[in-house]
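So the structure is just underneath, and the comments pick up after that.
The values are calculated or read from the model by the stated rules, or taken from the named source; none is laboratory data. If you're wondering where the values come from, they're calculated on a predicted model, not measured in any experiment. All Cβ positions, even for glycine, are placed from backbone atoms using ideal geometry, and neighbour counts span all protein chains on display. Please note that ligands, DNA and RNA were not included when accessible areas were found on the heavy atoms of the full protein model with its side chains. Shrake-Rupley method; radii C 1.70, N 1.55, O 1.52, S 1.80 Å.
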Amino acid sequence: MAKPILKAHKIRSDWCKGCGICVEFCPKKVLELDEFERAVAARLPDCICCRLCELRCPDLAIEVECK
Amino acid sequence: MAINKYLRERFFPHLWCPGCGHGTVLNGMLRAVDKLGMSKNEIVMVSGIGCSARISGYVDFHTLHTIHGRALAFATGVKMSRPELNLIVPMGDGDALAIGGNHFIHAARRNIDITAIVMNNRIYGMTGGQYSPLSGQDIIATTAPYASIDPSFDVVELSRAAGATFIARTTTYHVKQIDDFIKQAILHEGFSVVEILTQCPTHFGRKNKQGSAVDMMKLYRDITTPIGSKAKQENPNLIERGIFVQEDKPEYCREYEKIIEKAMGS
């Protein structure tokens, strides 16, 4: 199976409460918290579309679109 | 997002604390429903009282937000009058096994086709951190400032003894198991119990010095192991996760239909 390619990484920052779960458990360390303690995808080219951030997000704020 | 169609987005962001595991359970449960391709109209979610019970307000199914511990009693009524609907009952540990302990064991004994999700954070979060029957010994809580002396229930063993026919356990760290187990539990005909260890960083974590939500999830990763693993033999203190029971037994609503037929003389 071909490797999935990232189409879009969307974060609804008005839903994010800044718990840092996505930041800590991202296997490629793509995400970080900004100065407002909200998750941002700082290193998108490293994303491998594993979707673990989307699955673990307790605020349902992350959506990873792959193709 | 595919699962957003099941949400009542007007109530978001939700009321749960930052890092609360209940949101991850909601996330996984909606993915299970989405994978099964179910419509909103064939699901009824019934919940009681507590942080966990607020989950029914966020989903766009038929929802009932009922009284403390009695969600399974209401769900039994719904299921018996409309057996074609799928009943999902998310409960907290106290809601399920303290206040609703009797309803829980009797629903399991009857083997009625309901999916019970026990969101076990080992504490009463909403009311300020009192200890619950799942807290266990040596746990600090508002009502146990010098540590709890009560042993805890084991949800899996209790459900097994009471007669549940599908029993699984996982944690918020093991997210892929959440939707897999809930999916299988919904498909199972009979009383299904899915226990999910979910972190309460605000009360349980803070009082018991377990750190942030991230630290608590790492702890779930480290203190659990798949059923029957070699690690469990070497360290019996590890908590097993996986599917413990999956068996076919007569389901309550079907048995009830047979009795109606008998009574009607056909």
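Quick one: in region B:200-218, of everything that is under 21 Å from the mean Cα position of the chain (by Cα) and more than 14 Å from chain A (Cβ to nearest Cβ), which residue is most open to solvent (accessible area, probe 1.4 Å)?
Among residues in region B:200-218 that are under 21 Å from the mean Cα position of the chain (by Cα) and more than 14 Å from chain A (Cβ to nearest Cβ), the one most open to solvent (accessible area, probe 1.4 Å) is B:H203.
Please tell me if A:R38 is within 23 Å of B:H14 (Cβ to Cβ) and open to solvent by 40 Å² or more (accessible area, probe 1.4 Å).
Taking the combined requirement at face value, the residue satisfies it.
Restrict the check to region A:42-55 and report whether at least one residue is in contact with a strand residue (DSSP E or B) (Cβ under 9 Å, 6 or more places away or on another chain), away from chain B (no Cβ under 11 Å) and either basic (K, R) or within 20 Å of B:M216 (Cα to Cα) (or both).
Yes.
Kindly establish whether B:Q137 is touching a strand residue (DSSP E or B) at 6+ places or on another chain (Cβ under 6 Å), open to solvent by 10 Å² or more (accessible area, probe 1.4 Å), more than 22 Å from A:C57 (Cβ to Cβ) and of a type outside the set (K, R).
Here the answer is no, as B:Q137 does not meet what is asked.
Considering region B:122-155 alone, what residues qualify as being hydrophobic (A, V, I, L, M, F, W, C) and not in a strand (DSSP E or B)?
The answer is B:M126, B:L134, B:I139, B:I140, B:A147, B:I149, B:F153, B:V155.
So B:G228 passes all but one of these: (1) over 22 Å from B:L87 (Cα atoms); (2) modelled with pLDDT of 95 or more. Which condition number does it fail?
Among (1) over 22 Å from B:L87 (Cα atoms); (2) modelled with pLDDT of 95 or more, B:G228 violates only (2).
Can you pull out the residues in region B:149-169 that are in contact with a Phe, Trp or Tyr (Cβ under 6 Å, 6 or more places away or on another chain) and under 16 Å from B:R122 (Cα atoms)?
The answer is B:V156, and nothing else.
Go through (1) open to solvent by less than 30 Å² (accessible area, probe 1.4 Å); (2) over 28 Å from B:Y131 (Cβ atoms); (3) not in a helix (DSSP H, G or I) and name the single condition B:C253 misses.
It fails just one condition, (3).
Out of the residues in region B:45-91 that are farther than 23 Å from B:I123 by Cβ and among the hydroxyl-bearing types (S, T, Y), state the one that is farthest from the chain's Cα centre (by Cα).
Looking at residues that are farther than 23 Å from B:I123 by Cβ and among the hydroxyl-bearing types (S, T, Y), I get B:S81.
Please determine whether any residue of region B:82-101 is of a type in the set (S, T, N, Q), more than 28 Å from B:V33 (Cβ to Cβ) and touching a strand residue (DSSP E or B) at 6+ places or on another chain (Cβ under 7 Å).
no
Would you say B:N102 is without any contact (Cβ under 8 Å) to a residue 24 or more places away in the chain and either among the acidic types (D, E) or open to solvent by 60 Å² or more (accessible area, probe 1.4 Å) (or both)?
Yes: the conditions hold for B:N102.
Just one of the numbered conditions (1) of a type in the set (A, V, I, L, M, F, W, C); (2) at the interface with chain B (Cβ under 9 Å from one of its Cβ atoms); (3) open to solvent by 20 Å² or more (accessible area, probe 1.4 Å) is not true of A:L60; which one?
With (1) of a type in the set (A, V, I, L, M, F, W, C); (2) at the interface with chain B (Cβ under 9 Å from one of its Cβ atoms); (3) open to solvent by 20 Å² or more (accessible area, probe 1.4 Å) applied to A:L60, the lone miss is (3).
Of the residues in region B:102-121, how many are touching a strand residue (DSSP E or B) at 6+ places or on another chain (Cβ under 8 Å) and assigned to a loop (DSSP other than H, G, I, E, B)?
Here the count works out to 2.
More than 13 Å from chain B (Cβ to nearest Cβ), over 10 Å from the mean Cα position of the chain (by Cα) and of a type in the set (K, R): which single residue out of A:K17, A:K3, A:K29 fits that description?
A:K3
Could you list all residues from region B:1-38 that are outside any helix (DSSP H, G or I), within 16 Å of B:H62 (Cβ to Cβ) and at the interface with another protein chain (Cβ under 10 Å from one of its Cβ atoms)?
B:L7
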